[in-house]
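Single-structure report; data block below.
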Amino acid sequence: MNVQGRPTRPETAAAQPRETFTGNRGLDMEEALIFEIGRFDATGVDIDEPAPFQSKLGPHARQSALRLPGLAEPEAIRHYVRLSRNNYSIDAGIYPLGSCTMKHNPRLNEKMARLPGFADVHPLQPVSTAQGALEIVEALSNALLIMTGMDAVAMSPKAGAHGELCGMMAIKAAIEARGEGETRRVVLVPDSAHGTNPATAALIGYSVRSIPAGEDGIVSVEAVRAALAPDVAAIMLTNPNTCGLFEREIVGIADAVHEAGAYFYCDGANFNAIVGKTRPGDLGVDAMHINLHKTFSTPHGGGGPGAGPVVMSSRLAPYAPVPFVKREGGALRLVEHTQGRESFGRMCAFHGQMGMFVRALSFILSHGADGLRQASEDAVLSANYVRASLNEVMSAPFGDRPCMHEVLFDDRWLKDTGLTTLDFAKAMIDEGYHPMTVYFPLIVHGAMLIEPTESESKASLDLFIMTLRDLATAAKAEKRERFQSAPVHAPRRRLDETRAARQPVLSWTRSQPA
Amino acid sequence: MRYLPLDASEREAMLTRIGVQDIEALFADIPADKRIEDLLDMPLGKSEMAVERAMTAIAGRSVAAGSVPFFLGAGAYRRHIPATVDHLIQRSEFLTSYTPYQPEIAQGTLQVLFEFQTQVAALTGMEVANASMYDGSTACGEAMLMAHRLTRRNGAVISGGLHPQYADVCATLAHMAGDRIARLAPDLKASEGIAAAIDAETSCVIVQSPDFFGNPRDLTPIAEAAHAHGALLIAVFTDPVALAAVRSPGEMSADIAVGEGQGLGNALNFGGPYVGLFATRAKNVRQMPGRLAGETVDAEGRRSFVLTLSTREQHIRREKATSNICTNSGLCALAFSIHLSLLGAVGLERLAKVNHANAVELADRLSAIPSVEVINTHFFNEFVMRTPRPAAELTEALAGRGVIGGLPVSRLLPGAGLDDCIIVASTETNTDDDRAAYARALADWLR
């Protein structure tokens with residue numbers, strides 16, 4: 001006890017927050033930049049000077065001084081710990097970002113990824129000394145093929161968008177091999193798609209033909225047939241789609257696409273809803289990336305690293321990029337060169353996101369066939385529970401029907417309140433929640449896309465639902481102040497994003513005012 | 001299942017609230033004949049202990065670099081990483097947060113990215129850097145595409161000293177996009193004539209320094225030749241520590257500097273995840289790929305950070321975006337940034353000096369063995385050694401003797417006539433005993 005018999009009493013505290021000398025507000029601390037904390041002539045790492053030696057740098061030795069601050073270890077730890085406290089995280093609360101899949105990150109997976117036999121292995125070690133690493137690649141590949149019912153998998157793509165690029169390159173290679181490279185130059189993309197889909201198609205020289213989603217939020221066979229033509233190379237379709245709906249006509253779409261001589265690329269960002277329930281290979285998919293950081297819970301890390309292996313049908317398998325792993329006799333070997341193969345080339349140096357493979361495999365082994373299926377079911381159950389509990393206070397764009405792992409609302413219910421989706425999202429921050437995905441998908445006005453995942457307890461979901469209902473009631477009662485000033489209980493109030501874009505300041509310079 | 005909080009009675013209650021009989025009703029949109037009941041061939045879930053046992057057994061079937069004298073680089077470098085780095089990146093708030101789309105509750109990540117960008121700009125001698133790319137090789141490919149946009153041309157000249165897998169990534173992109181590429185022959189001694197390969201359609205010249213074979217290169221004349229033709233110089237590096245020893249891309253008039261950042265803060269990880277560094281001149285920023293953190297103020301006038309210039313990016317511009325990239329390599333960038341903020345310029349320069357000293361010592365020791373030749377006149381921490389027998393056999397034989405001795409050039413450049421060459425690297429982690437063991441094993445094998 002350090003209060004010496006004088007416990008604090010709430011009523012003696014001032015009602016209004018006071019300005020403080022430091023700018024800190026108790027545990028909510030301001031933190032300067034490393035360039036303002038560290039000294040430019042100091043270091044926090046003890047390194048012995050080498051014995052005198054004859055330099056071999058010749059005329060190439062650096063001439064100008066490097067200017068980087070060094071922090072003593074306690075300074076560094078304090079700096080980063082203070083910064084970390086200004087971040088929301090899945091470990092601290094529900095993170096219902098639709099399409100992003102913020103589920104629990106098991107710490108076992110972190111521990112496994114740090115085993116020296118995985119973390120401390122060089123990508124170019126003699127293959128005879130890296131058999132364990134290749135075994136991980138093989139085991140994860142096999143698991144992905146079982147779950148998807150596909151024929152081959154390219155493991156090297158570094159993230160979801162990189163996987164899209166990989167799949168589309170395989171498609172382009174297959175089309176060129178058929179001698180149709182000059183004629184098939186169009187990719188069909190629904191207007192509900194992730195922005196990465198059209199960007200990927202454009203990157204390899206394809207033009208994009210948009211297809212509209214129907215009134216019910218899904219793409220119809222008719223809409224696809226209407227857009228199909230001899231110039232179409234592929235369709236890129238997300239399933240379950242970005243509205244949180246299973247594309248009911250997917251088999252018919254796949255048939256129509258194949259009849260027209262085109263390929264079916266499936267954006268697998270939402271694969272987590274259907275693992276153990278259906279297999280993309282049975283639905284007619286030719287290629288699909290799997291975001292290991294979504295479905296298999298490798299940590300998002302504040303924006304990466306991700307991992308985006310691509311499963312492929314037998315029609316595309318010959319064109320898959322190098323490297324890949326092959327078992328010969330008892331040993332595993334790496335195929336690293338395209339010579340003598342139809343492979344379209346290489347996506348990146350080395351062999352892909354090994355550290356993420358270990359985490360994903362550890363997640364898969366922990367869950368097993370039963371746990372993976374249960375996880376899909378719980379994710380879908382939780383999303384529908386949120387949907388059923390909020391339906392009457394918010395508005396669903398496609399009517400009262402079940403969703404998959406995420407539930408989509410629009411902003412019609414905010415009409416006449418003078419409030420926007422953004423206001424609603426910012427008010428959630430004051431309640432201690434990370435907002436849902438907002439303004440995506442683009443086809444729904446003021447979209448709010450909520451993905452609770454399988455990681456939330458019922459109590460957590462119930463409190464979240466009650467909070468959103470309370471906010472909705474306040475919005476409809478036109479208590480605008482609670483929304484338009486929000487957030488007030490966060491490390492920062494709303495930011496001037498226009499200024500950031502108009503006068504970009506992208507690095508620290510000495511002349512800047514502190 | 002230990003990761004799933006719901007129990008059977010709660011699931012029942014939730015189904016009731018939803019108003020359906022059973023969970024299958026929620027999957028009714030999946031065509032009935034396409035539903036599966038089970039993942040055949042996949043085992044059931046395992047306890048934490050059982051998974052740990054299985055994974056540890058697999059890990060035991062690789063040789064960990066730290067368990068042997070280790071001299072392999074070629075784009076990935078084994079470094080001693082202060083314990084602070086791995087502790088801090090495992091903070092929940094860094095590890096389990098998403099891309100900072102809600103800046104009011106993501107200032108930690110955003111300030112880290114702003115600091116990271118400033119560090120990368122300083123290290124490369126450039127004006128602006130982005131918030132990271134997947135790795136060095138994909139950063140290199142993106143730099144080529146950016147040069148095409150800036151110059152409105154579509155031809156790239158690729159130095160024979162560029163890491164072969166980086167060159168393969170560029171070649172794949174170029175082939176797929178229908179762009180031109182001129183790839184020069186492998187260049188052991190940095191003597192290639194790049195200027196002659198530049199023409200009016202060339203958008204960029206891509207040169208690595210220190211190059212794949214360890215040679216530091218003077219990029220200034222190459223920059224001049226490129227600029228004279230209206231083309232850009234893309235300077236590539238594969239070890240960020242080298243930039244503390246050799247002249248920076250900025251000093252040598254590069255227009256874009258890209259490289260691998262793994263060598264600071266990040267483990268070898270059998271090739272990933274790593275962190276791509278990407279920097280350029282301020283005037284080019286709007287054609288840059290990837291995320292950017294910028295400074296601004298909040299409603300109370302407090303300094304704050306936010307993702308900015310996102311009108312370049314795919315989620316806004318879709319098919320007109322500068323790149324399809326969405327994810328960066330946030331946590332690896334954090335590890336890089338923490339390691340570098342501990343080191344500071346003083347520590348980084350000393351670290352570079354130790355790397356260089358160790359490599360010089362190693363080169364002296366190995367070249368003293370009869371019939372062993374070190375090719376490089378100049379090098380930082382990596383050089384090419386030539387022996388009378390095939391290098392691929394050498395590295396296997398060395399591995400059999402408990403030494404990881406380097407990369408046979410033929411593994412990445414088969415058929416280039418360099419089968420007797422091995423690329424040897426040394427970092428601060430090597431001891432005198434390691435070098436003695438290498439020399440002993442090599443002499444023994446050549447005997």
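Quick one: Cα centre-to-centre distance for region A:409-427 and region B:51-84, in angstrom? Cα centres, region A:409-427 to region B:51-84: 51 Å. Largest GNM mean-square fluctuation across B:MET146, B:MET126, B:MET55, computed for chain B with C-alpha springs under 10 Å, falls on B:MET55. Highest GNM mean-square fluctuation among B:LEU413, B:LEU15, B:LEU394, for chain B modelled with Cα contacts below 10 Å: B:LEU15. For B:LYS283, a cut-off of 26 angstrom between C-alpha atoms picks up these lysines, skipping any fewer than 8 places away in its own chain: B:LYS320.
Computed over chain A, the per-residue total of -39500 (n - 2.57) for DSSP H runs of n ≥ 4 gives a 222 nm mean residue ellipticity of -10000 deg cm²/dmol, rounded to 500.
If you plug the beta carbon distance of A:GLU392 and A:ALA92 into 1/(1 + (r/R0)^6) with R0 = 30 Å, you get a FRET efficiency near 0.50. Comparing B:ALA171, B:ALA282, B:ALA257 in a Gaussian network model of chain B where C-alpha atoms under 10 Å apart are linked, the largest mean-square fluctuation is found at B:ALA282. For GluC sites (Glu not before Pro), the sites in region A:14-112 that DSSP calls loop and that have at most 13 other Cβ atoms within 10 Å are A:GLU19. Its convex hull of Cα atoms gives region A:274-376 a direction-averaged projected area, equal to a quarter of the hull surface, of 8.3 nm². For A:LYS426, the aspartates and glutamates whose Cα falls under 14 Å of its own Cα, not counting residues fewer than eight places away in the same chain, are A:GLU481, B:GLU104, B:ASP298. Close amide H contacts of B:ALA76 (hydrogens built in the peptide plane, cut-off under 5 Å, sequence separation of 5 or more or a different chain): none are found.
From the alpha carbon centroid of region B:296-319 to that of region B:356-381 is 49 Å. Pairs from the list A:LYS415/A:LYS479; A:LYS158/A:LYS294; A:LYS277/B:LYS46; A:LYS294/A:LYS476; A:LYS111/A:LYS294; A:LYS158/B:LYS353 with a Cα-Cα gap above 24 Å: A:LYS294/A:LYS476; A:LYS158/B:LYS353. Taking N as the residue count of region B:83-339, its C-alpha radius of gyration divided by 2.2 N^0.38 Å amounts to 0.99. When A:CYS100, A:CYS403 are sorted by how many other C-beta atoms sit within 10 angstrom of their C-beta, beginning with the fewest, the order is A:CYS100, A:CYS403.
The Cα atoms of region B:121-211 give a gyration tensor whose axes a ≥ b ≥ c have a/c under 1.5, which makes the shape rounded.
Evaluated on region A:110-364, the Kirkwood hydrodynamic radius is 18.5 Å, with distances taken between all distinct Cα atoms. Per-residue 3J(HN,Hα) values for region A:90-107, derived from phi via the Karplus relation 6.51 cos²θ - 1.76 cosθ + 1.60 with θ = phi - 60°, read 4, 5, 9, x, 4, 10, x, 5, x, 6, 9, 6, 8, 9, 4, 9, x, 6 Hz in sequence order (x marks Gly and Pro). Qualifying trypsin sites (Lys or Arg not before Pro) in region A:50-106, where qualification requires a DSSP coil assignment and no more than 14 other C-beta atoms within 10 Å, comprise A:ARG67. Residues whose amide H falls under 5 Å from that of B:THR296, counting only those 5 or more places apart or on a different chain, are B:SER304, B:PHE305, B:VAL306, with hydrogens built in the peptide plane.
Under the combined filter of DSSP loop state and at most 10 neighbouring Cβ atoms within 10 Å, region B:1-108 retains these GluC sites (Glu not before Pro): B:GLU37. Classify region A:28-171 as rounded, prolate or oblate from the Cα gyration tensor: take a ≥ b ≥ c as the square roots of its eigenvalues, call it rounded if a/c is under 1.5, otherwise prolate when a/b beats b/c and oblate if not. Cα axes put region A:28-171 in the oblate bin. For the pair region B:196-223 and region A:184-218, the centres of their Cα atoms are 38 angstrom apart.
What the phi angles of region A:135-149 give under the Karplus curve with 6.51, -1.76 and 1.60, with θ = phi - 60°, is a coupling list of 4, 5, 4, 5, 5, 5, 4, 4, 4, 5, 5, 4, 5, 9, x Hz, glycine and proline written as x.
With neighbours defined as other Cβ atoms within 10 Å of a residue's Cβ, the residues A:ASP378, B:ASP22, B:ASP86 order from fewest to most as B:ASP22, B:ASP86, A:ASP378. Which shape class applies to chain A: rounded if a/c is under 1.5, otherwise prolate when a/b exceeds b/c and oblate if not, where a ≥ b ≥ c are the square roots of the Cα gyration tensor eigenvalues? Oblate, since a/c reaches 1.5 and b/c is not below a/b.
Just so you know, all these numbers are worked out from the coordinates, no wet-lab data involved. Since this is a predicted model, take the numbers as computed values, not measurements. Backbone-built Cβ (ideal geometry, glycine too); neighbour counts: all protein chains shown.
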